[in-house]
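All remarks here apply to the structure that follows.
The values are calculated or read from the model by the stated rules, or taken from the named source; none is laboratory data. Note that the coordinates shown come from a computational prediction; the quantities given were computed from them, not determined experimentally. Cβ placement follows ideal geometry from the backbone for every residue including glycine, while neighbour counts extend to all protein chains displayed. With ligands, DNA and RNA removed, areas are computed over all heavy atoms of the protein, side chains included. Shrake-Rupley method; radii C 1.70, N 1.55, O 1.52, S 1.80 Å.
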Amino acid sequence: VRSTSDDVRNVDPNQPGVKAQLSDYIGKDQHLPEWRATSMDCSKRGLKIMEGEGQHIARQLLEEMQDETIYAKPKKRMRLRFISDIAKRDSDTTLALVRGFNGVFARGSIDVSVQYDQDLYRPLSDRRLSFGLNKLMADNFVPLCEKKYTDVMLRSELEDRLVNLPRPDGSLIKVLQVMEKVTGSDAWIQKDVLDKITISDDGEVQGVVNPLRVITQAIFYARASNMKPTFLPEVTTDLLYRLLEWTNWYGALTEQKNSHAMATVAPLAASILQVLNNAEYEDVEDDVLTAYVYVGHDTDIARLSSAFGLRHNLDAPYYTSARASCMYSPAPPGSAMHFVHDIQLQTIETEFIYPTLITSDGRLLWDGRLNTVPMKKRTMKDNNNNQRRQRQNRRLSDFGGSENIESGIDILERRVKKNLERFDGAMECYDRANLLSSWPGQSRPSTLVKNGDDGSFIEQELFGLTLGGDGGVNHLQLFYAIAATAGIIFLTMLARRTIWPTQAGKDNIGKRKAARQRIMSEDSSLGETDEFDRLNVSHTE
């Protein structure tokens, strides 16, 4: 199971907390990157990167499928299930990953399907993001979960987090002074906002950290996409990675250990646990390997890290403050949490995978190469001290095993429940997700992409009819059904002689036309037609 964030994209300047114009912070001679896409779209380079990542993961899985130290019987076919948020950039990311997989696996050796699910990623949303015929049901939409926390409670949680979460090494004032120097703008060090970060009544972070975060994202995404001219070229690569740590700090502040974040991520955590728990029943065919990929956002990874109680650091050139080790759970574009359920050892193996898009010397890496670091909570006894199995020389942490009373899946489930119980509404949403579950392994929702033995084609739900897939109607059957319906309509019209009438029918049509003309010419209440052949309804004696 992999839960991954979306790819390199445009940056929306109108984000919460950004009160001033961003142009005030970048200097008079600078302009924000001119993206040829909206904030909901991926950049072309971002899609290429994700396609390369799909190829990298596919090659990795192909090697593991033939590894006799992992599987007693080599796997011959791959069953791949994507579960995506319905945002456009998540859909684009998913399809790019699918293209990457299809470029590695031989035709007929991989079965790919994609499921889009709003409830899984937006359980508290009271607005249905719907398209096409589903818009008819949007007005009566009821969110999966009920919001239990108040704005006052959320503000209190964020204020506590603001006090207790260590800031990156070096003061914010020094960072702002450097930004003033490289941009030539004095907006960074205004006395009324200098180094001041507060939480508003509605739970939004206030302060200069907001434009710092958005402009840092714009620099990183623009350079990763190789956009010309270079945005703020005075910002060195080392400075960029130090600025990114403030972005990571902001994510840890707003997306971890608060009621909104935990209630929102509860269904996603429940779905992942269900898939891992059902792994031993999934592969009924010995030669088939099944994998699930959840495609969402960096905020989803931050929330999942908090729900599972897992932490990670990234290797250089990403910068990690010594006093905040493993506390930020950074999630750069294309990164993912990876869970493997080892049924034989009863363990859950975990790792964090991510790309290095920009090297320390400023070079761009677009080949989809991924790095791995372990995910674990060092202060908790649930971590095994030894790492018994190394997959492709990757650094893994594992939970459970023969020396533990609990299995790995039991430990993860216990940790999730313990972390969710601390926040109002989170466990209720978790239990409701399990009760009303339509996640993979329970039932089969509509899917939008299918790659079968006979090639790639689109699979979707139309008027409640599932096209393709197990138990669905394939496209040839759908064509026959439409053709048969059209034939019945044609024969019915022919039987009523509305297409090719007989001579007697033609005579009757002529008689009816003559009768209508006679009525119109008479002095009747129907009136007469004028010189423009319009009906005059008024009549004078």
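Amide H to amide H distances under 5 Å link Ile83 with Gln115, Val293, Tyr294, Val295, where only residues 5 or more positions off or on other chains count and H is placed in the peptide plane. With the simple spin-label model, which puts each label point 7 Å out from Cα in the Cβ direction, the Val142 to Lys73 separation comes to 4.6 nm. Sorting the segments 349-360, 89-100, 418-429 by their residues' average number of neighbouring beta-carbon atoms within 10 angstrom, most packed first, yields 89-100, 349-360, 418-429. Taking 13 Å as the cut-off, the amide N atoms of the range 76-101 that come nearer than this to a point 7 Å along the Cα-to-beta-carbon line of Asn278 belong to 81-83. Close amide H pairs (under 5 Å, H built 1.01 Å from N) link Ile199 with Gln206, residues at least 5 positions away or on another chain. What pairs in Lys48/Lys88; Lys48/Lys76; Lys174/Lys257; Lys44/Lys88; Lys174/Lys228; Lys28/Lys196 have C-alpha atoms more than 19 Å from each other? Those over the limit are Lys48/Lys76; Lys174/Lys257; Lys174/Lys228; Lys28/Lys196.
For the range 293-348, with all protein chains present and a 1.4 Å probe, just round the carbon and sulfur fraction of the accessible area to a whole percent. Working shown, then result.
Details: 810 of 1480 Å².
Carbon and sulfur atoms account for 55 percent of the accessible area of the range 293-348.
The label point for Ser125 and the one for Lys28, both projected 7 Å from the Cα toward the Cβ, are 4.3 nm apart.
Rounded to the nearest angstrom and listed largest first, the equivalent-ellipsoid semi-axes of the range 283-372 from its Cα gyration tensor are 27, 18, 12. Based on protein heavy atoms only, the range 164-311 ends up with 34 Å² per residue of surface accessible to a 1.4 Å probe. For His31, the shell of other residues with beta-carbons less than 14 Å away shows a net charge of -1, using +1 for Lys and Arg and -1 for Asp and Glu.
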